[in-house]
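The values are calculated or read from the model by the stated rules, or taken from the named source; none is laboratory data. This one's a predicted model, so the numbers in the text were calculated from it and none came from an experiment. FYI the Cβ positions are ideal-geometry reconstructions off the backbone, even for glycines, and counts take in every protein chain you see. Note: areas computed on protein heavy atoms with side chains; ligands, DNA, RNA excluded. Shrake-Rupley method; radii C 1.70, N 1.55, O 1.52, S 1.80 Å.
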Amino acid sequence: MFRVRLAIPCLVALIASSLAISCAGPSAAPGPDGLDRTVLPIHEPKRPTYSELDARNVEAPPRFEVKAPEGAPNVVIVLIDDIGFGGPSTFGGPIRTPNMDALAQAGLRFNNFHTTALCSPTRIALKSGRNHHTANAGSIMESSTGFPGNTGKIPDSVAPLAEMMRLNGYSTGAFGKWHETAAWETSVSGPFDRWPTQQGFDKFYGFIGGETDQWYPLIYDGVIKVEPPQMKDYHFTVDMTDQAINWMKAQQSMTPDKPFFMYYATGAVHAPHHAPKEWADKYKGQFDKGWDEIRKQSLERQKKLGLVPADTQLAPRPADIVAWDSLSADQRRLFTRQAEVFAGFLEHTDHQIGRLEQSLQEIGELDNTLFIYIAGDNGTSAEGGMVGMYNEMTYFNGVPEKVEDMLPLLDKWGGPETFPHMAAGWAVAFDTPFTWTKQVASDFGGTRNGMVIHWPKGIREKGGVRSQFSHVIDIAPTILEAAGLPEPTSVNGVVQTPIEGTSLVYAFNDATAPERHTTQYFEMFGNRAIYHEGWYARTIHRAAWKTTNLPPLTSDVWDLYDAKKDFSLTKNLAAEHPEKLKEMQALFMKEAERVNALPIDDRVLERMNAATAGRPDLMGTRTSLTLYEGMQGMMENTFMNVKNRSKKITVELEIPDGGANGAILSQGGRFGGWSLYMQGGKPTYTYNFLGLSRFTVTAPQALPAGSATVVLDFAYDGGGLGKGGKATLLVNGKPVADARIEKTQPNIFSGDETADVGIDNQTPVAEGIGVGAETRFTGKIHKVTLEVGAMK
């Protein structure tokens, strides 16, 4: 249910803010501790003045310190990535999540909890209590547009929960995935307003974008890029857990009376599906029966657990997903291993969460910790298409992969040599009992996620199930109420947009309490729906694997369901209740207009291009960029766009005695990108097409000691996206070698690999030059000039 606020208190608060006086609207009464917590930061008392000369003759006033309310709990939010309702064993799925199971048995399972169907929007809604369009997060950061509701820039009037907690006396830490910073704000130039440490978190250790290589991640500590620890069998989920545990223990050691708020958001189980082999091998043979049988068995377990009504029907598979029995032996062998790796990835992740929980027990804080474990920021991802992918970047570049090309990689699947995604049939299976998947905001397969809440000091029942409709925007007000904190009306001098979620505390100790969140819209890339008092109207505009040739929005057909009686949305009542459907459609348009979800933009890959999408571009219309040694970690959205155009790289070098080797300028990595480097003392250029093929041109002779100018001139063929061209190497003004590059990546090189001068960070573009620090250039780079031509 959306809250209604009077305009007058907000107007008064605005005037009060400009006059630097305290006004908090209808909730301005001081709390039990005498503090008005509705205006943040809490105002300090007036400083006394003294007439006494000698300090020994007077007492200093007491220190003013904002403390959390007496008895306020610690708060831990655990958010898993890209797993749907029917994946974890806690919600009847085939993947073992014993630590989630244990928390559920001692707490509550919420089986009617919803997300936005996509990652950035869910995360921002989760930590603000506002709808994703209200917070300008209509889609992921990399596909933001110029329209209100979709700009990707969180407004100051939507203060994050972490800032509310911090200003109320909590220590705050975020670990893992962020993906909430506008794409053009991720360079060294900032601004850093929407990075974690200026969104309310004292501590951040993780990655800024939507995904990262779990073996070779791009990690930030605060706003500083750091190298992963050098250790055998490194994996980012283990590393982030170590960091979270160390921070929590240190915080409680130093300030045991100060509660903490932790946001623990894994990159797992988002692609790339990088799982330690021993964890994947635990599932050998367990998916041989295929996705159709897995769906049936999962639904039966869900019924036995009391998570779905006994009469729940299994929703049909999407028409594009073929029956398992119709697959070839090679397809089954490939798809089975894909599922084994994915399952191992999730169980490995749950194990790390168990380590976090165990650490809470060790320091005696588990009972007084509100532990919220959310199994998915959306449904399971079907972005792997019909056969899966060895390299997830093929999806974003519209390049299909073939079963016969992936089969030789089976033994390496999930390891450092792959960047994989599974076939969409498994996504449907892990979203049981629903039809659709991630990105489909108009089906519960895209938005229904399992959630467990464990809080021994606040929840009496153990092992209970709560079925009231709830949404990710309900988490922030739930935490505020549990901590005894009011919703602020002003934060850091900015009058706040009211929280749109509804606290779930009312249901903690009353399974039969009438639901309070009674209306909720959904929209993502044209898929749209509306929930209202048990009714659910929706239209399926596109599947996650459909990115081109979409139908007009005006031609979409809407369905109507009684969600109270039809858990899996299998009985379309549109023909029986046409007036109710019209009423619901009108309500959707009203809500969509209110939250700035209109106009609807169903473009997917096209919106990855800033010029097409109409969002800011750090490079703007520039066609030249001068770079210097030491410039590293330049994310793709803040670097010159060299795709679908000619480019020229001019490098001024100093070669030492004995020659030089290593990377000069690189962008991307093992799974797609390009690099100008020296190997055996010879200037070399490699274009890596999605890790599927490499095109290389090498100078015939090594450069002697002394100054040298090396040029790489790439002449793009033109005539469309992703075409090839001719690459020519010049040394001191003379052409020395050329080669044909048959094809190029049209849309994106990587979700996390960066552009770097003097090193090829994370994974290397070219083979044989080492990894990470091994690729560092051994000569001197004075200057690099990158020039690009017009898009062709």
Answer yes or no as to whether D82 is modelled with pLDDT of 95 or more, among the acidic types (D, E) and either outside any loop (DSSP other than H, G, I, E, B) or over 27 Å from K249 (Cα atoms) (or both). yes
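Would you check if there is a residue in the stretch 376-391 being under 30 Å from I748 (Cβ atoms) and out of contact with any helix residue (DSSP H, G or I) (no Cβ under 9 Å at 6 or more places or on another chain)?
Within the stretch 376-391, one or more residues are under 30 Å from I748 (Cβ atoms) and out of contact with any helix residue (DSSP H, G or I) (no Cβ under 9 Å at 6 or more places or on another chain).
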Check whether at least one residue in the stretch 589-600 is among the acidic types (D, E), in a loop (DSSP other than H, G, I, E, B) and surrounded by fewer than 23 Cβ atoms within 10 Å (Cβ to Cβ), and report yes or no. no
Looking at the stretch 477-492 only, could you name the residues that are closer than 12 Å to V158 by Cα and either among the small types (G, A, S) or surrounded by fewer than 17 Cβ atoms within 10 Å (Cβ to Cβ) (or both)? S490, N492
Name the single residue that is least open to solvent (accessible area, probe 1.4 Å) among those in the stretch 302-340 being under 21 Å from V440 (Cβ atoms) and without any contact (Cβ under 8 Å) to a residue 40 or more places away in the chain. A323
Filter the stretch 266-290 for residues that are open to solvent by 10 Å² or more (accessible area, probe 1.4 Å) and assigned to a helix (DSSP H, G or I) and give the result. K277, E278, W279, D281
How many residues are more than 28 Å from M608 (Cα to Cα) and open to solvent by 30 Å² or more (accessible area, probe 1.4 Å) if we restrict to the stretch 396-417? 5
Can you name the residue in the stretch 633-658 that is in contact with a Lys or Arg (Cβ under 9 Å, 6 or more places away or on another chain) and of a type outside the set (A, V, I, L, M) and is also nearest to F396 (Cα to Cα) among such residues? N644
Quick one: in the stretch 691-711, which of the residues that are open to solvent by 70 Å² or more (accessible area, probe 1.4 Å) and in a strand (DSSP E or B) is farthest from M678 (Cα to Cα)? R694
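From the list G129, G200, exactly one residue is in a loop (DSSP other than H, G, I, E, B), touching a Leu at 6+ places or on another chain (Cβ under 9 Å), buried (at least 24 other Cβ atoms within 10 Å of the Cβ) and not polar (S, T, N, Q). Which is it?
G129
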Inspect all residues belonging to the stretch 462-474 and state whether any of them is more than 30 Å from W426 (Cα to Cα) and either at pLDDT 95 or above or aromatic (F, W, Y) (or both). yes
Just for strands (runs of 3 or more DSSP E) wholly inside the stretch 427-544: which have at least 1 residues that are in contact with a His (Cβ under 9 Å, 6 or more places away or on another chain), over 26 Å from I95 (Cα atoms) and not aromatic (F, W, Y)? 519-524, 527-532
Subset of the stretch 379-395, residues of a type outside the set (S, T, Y) and either touching a residue at least 60 places away in the same chain (Cβ under 8 Å) or open to solvent by 10 Å² or more (accessible area, probe 1.4 Å) (or both), comes to G379, A382, E383, G384, G385, M386, V387, M389, N391, E392, M393
All conditions in (1) crowded, with 22+ Cβ neighbours inside 10 Å; (2) within 30 Å of A441 (Cα to Cα) are true of L665 except (2)
I'm trying to understand the selection: among the residues of the stretch 178-194, which are farther than 19 Å from G267 by Cβ and aliphatic (A, V, I, L, M)? A182, V188
Filtering the stretch 32-59 for residues that are in a loop (DSSP other than H, G, I, E, B) and either closer than 29 Å to G71 by Cβ or open to solvent by 100 Å² or more (accessible area, probe 1.4 Å) (or both) leaves a count of 19
Select from the stretch 244-270 the residues that are more than 17 Å from the chain's Cα centre (by Cα) and under 22 Å from A375 (Cβ atoms) and list them in ascending order. A244, I245, M248, F261
Could you give every pair whose Cβ atoms fall below 7 Å, whose first residue belongs to the stretch 457-471 and is open to solvent by less than 20 Å² (accessible area, probe 1.4 Å), and whose second residue is among the hydroxyl-bearing types (S, T, Y) and outside any loop (DSSP other than H, G, I, E, B), counting only separations of at least 6 or pairs across chains? F469/Y531
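Conditions tested, residue by residue: (1) farther than 21 Å from S120 by Cα; (2) assigned to a strand (DSSP E or B); (3) open to solvent by 10 Å² or more (accessible area, probe 1.4 Å).
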| site | (1), (2), (3) |
| --- | --- |
| P217 | no, no, no |
| Q230 | yes, no, yes |
| I245 | yes, no, yes |
| A250 | yes, no, yes |
| Y264 | no, yes, no |
Matching option when the condition is within 38 Å of the chain's Cα centre (by Cα) and either in contact (Cβ under 8 Å) with a residue 40 or more places away in the chain or surrounded by 15 or more Cβ atoms within 10 Å (Cβ to Cβ) (or both), among A790, A737: A790
Matching residues in the stretch 579-597 - criterion: being without any contact (Cβ under 8 Å) to a residue 60 or more places away in the chain and hydrophobic (A, V, I, L, M, F, W, C): L581, M584, A586, M589
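Collect the residues in the stretch 526-540 that are open to solvent by 10 Å² or more (accessible area, probe 1.4 Å) and touching a residue at least 24 places away in the same chain (Cβ under 8 Å), keeping them in residue-number order.
Let us first name the residues in the stretch 526-540 that are open to solvent by 10 Å² or more (accessible area, probe 1.4 Å), namely 528, 532-533, 535, 538, 540.
Result: R528, H532, W535, R538, I540.
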